[in-house]
Amino acid sequence: MTQVLFKLLTFSLGLYALLPTALARLCHIGVIWQGPRGGRKVAITFDDGPDPVYTPRVLDILKQHGVRGCFFVLGYKAKAHPELITRMIAEGHEVASHGFHHHLPWFLGPRAMFREVRRASQVIQEITGQPPRLYRPPWGLFNLLSLLHSYLFGQRVVLWSFMSWDWGRRCTPESITRQVLSRVRDGSILVFHDSDDTPGAAPGAPEKMLAALPLIIDGLQQRGLSIVPMAELYLPQDNFWKRLGQRMDSLIIRLLGIKELHLEGRPTLFRLRTRRYYGRPITLSDGTLLRAGDPIVELHLNNEMLKEITSTGKSPERIALLTLKEVKRSLPALARWVHSTPQGKNIRAVVGLTILYRGTERLGFTVSDPPATITGLASWYQGWLLSFYHAEGRLRFNRHKKKLSAKIVAMGREELLRRYLQQVPSNDPKKDRQQQEFVCAKENF
């Protein structure tokens with residue numbers, strides 16, 4: 001019996017910890033370990049800080065040489081020294097996650113792993129205003145969840161091209177410099193440590209790294225290599241799981257016969273299909289009573305356009321502004337389609353099911369609860385889509401899961417035409433402005 005349990009334990013450990021580590025470290029599956037060749041660029045990263053003794057001196061050296069790096073910080077240290085995180089951001093460095101504690105991933109269960117990543121991300125976001133986009137597991141070791149990290153948390157996993165061996169007792173400034181400059185290549189990701197209080201680090205080891213760092217920076221620049229942030233070295237790309245999810249979404253759209261709504265040759269924020277309404281009766285804002293069996297236009301968001309908006313916007317405010325601009329362009333296009341097509345002339349309302357319903361009432365929609373039988377499934381499905389199309393979608397969905405419940409949004413046909421038919425943009429900006437003034441005057445009257 002003991003032998004059977006030992007074999008089962010060994011197999012479980014191999015499946016949960018050893019195999020994911022081998023796939024990541026040896027096969028580089030799901031991780032960034034070097035940048036593309038040809039750009040003559042390298043990245044410098046620092047682990048285990050921020051440390052009040054060593055990190056300020058690292059920042060001083062980087063500032064003196066005009067170099068920007070990436071700091072993979074521990075959550076509990078960032079919480080204790082927020083002023084160092086603030087300084088990193090102010091001086092143009094990247095702040096990434098190294099977990100909350102420096103726990104060995106092999107011995108973290110799924111719940112503990114989620115807690116480690118979530119707590120670190122929350123601390124970093126509270127200080128910087130942005131969740132971290134990059135993550136490096138302690139010691140570069142993986143378990144099954146950390147191998148799926150990009151999908152689960154929306155953060156890319158970053159390792160390194162080779163070790164600098166700057167944390168050992170026998171290292172010297174000369175050995176660290178020699179190790180780095182003898183192995184560095186175009187696209188390399190270098191790793192150093194600005195702390196000596198994590199397990200395995202020799203006391204005082206960062207002193208030797210600090211002595212070597214100016215020599216390494218000078219050596220890299222003499223070779224014509226530019227030292228750049230990770231964001232500049234490696235342009236973000238969708239991982240396998242996101243690509244798979246997006247292809248599944250495209251397949252579902254084709255099978256259901258959902259079509260894109262275009263305006264002047266460009267796609268809008270809406271996709272649509274016509275069908276019968278099967279929900280409970282709803283009284284809409286214009287007095288329309290929507291009942292089961294009524295013909296409707298079923299609205300879907302254009303996920304590719306949302307992805308483009310979120311990748312273009314560099315802040316939540318910018319993303320909100322771009323989305324609002326696209327909504328203002330898309331609703332008049334929807335009104336024109338409803339008014340001018342045979343399918344649109346017969347519909348009673350436009351109806352959507354979405355977790356992104358806040359603020360839609362100001363646009364003329366009526367918001368109501370869907371049947372309880374589909375609420376959970378709809379919320380899960382749209383959260384699933386969010387995780388595939390938004391860079392931080394899975395992280396945000398997990399953080400705000402209780403708030404992101406799906407709602408029905410509906411607008412009567414006549415209300416849609418009254419509000420938006422006269423707002424269809426033209427190629428003449430002056431005419432557009434006159435049209436908007438006419439609509440505003442008509443509504444005020």
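The values are calculated or read from the model by the stated rules, or taken from the named source; none is laboratory data. What you see is a predicted model, and the numbers here were worked out from it, not measured in a lab. Quick reminder, even Gly has a Cβ in these numbers, built from the backbone with ideal geometry, and neighbours come from all protein chains shown.
Determine whether residue 166 is of a type in the set (Asp, Glu), over 18 Å from residue 140 (Cβ atoms) and assigned by TED's automatic domain parsing to the domain that holds residue 38.
no
Residue 157 - would you say it is touching a Phe, Trp or Tyr at 6+ places or on another chain (Cβ under 6 Å), part of a strand (DSSP E or B) and either closer than 18 Å to residue 62 by Cα or of a type in the set (Asp, Glu) (or both)?
no
Across segment 273-313, what is the number of residues that are assigned to a strand (DSSP E or B) and among the aliphatic types (A, V, I, L, M)?
The number of residues fulfilling the criteria is 7.
Within segment 15-41, which residues are surrounded by fewer than 18 Cβ atoms within 10 Å (Cβ to Cβ) and on the phi > 0 side of the Ramachandran plot?
Selection gives 28, 38, 40.
Need the failing condition index for residue 347 against (1) modelled with pLDDT of 70 or more; (2) assigned to a helix (DSSP H, G or I), just the number.
The number of the failed condition is (2).
Given 133, 119, 111, which one is surrounded by fewer than 15 Cβ atoms within 10 Å (Cβ to Cβ) and either in contact with a strand residue (DSSP E or B) (Cβ under 6 Å, 6 or more places away or on another chain) or under 18 Å from residue 152 (Cβ atoms) (or both)?
Answer to the check: 111.
If the requirement is being in contact with a His (Cβ under 9 Å, 6 or more places away or on another chain) and under 21 Å from residue 84 (Cα atoms), which of these qualifies: 131, 138?
Among 131, 138, only 138 is in contact with a His (Cβ under 9 Å, 6 or more places away or on another chain) and under 21 Å from residue 84 (Cα atoms).
What's the number of the only condition in (1) within 22 Å of residue 216 (Cβ to Cβ); (2) surrounded by fewer than 23 Cβ atoms within 10 Å (Cβ to Cβ); (3) of a type in the set (A, V, I, L, M, F, W, C) that residue 139 fails to meet?
(1) is the only condition that residue 139 fails.
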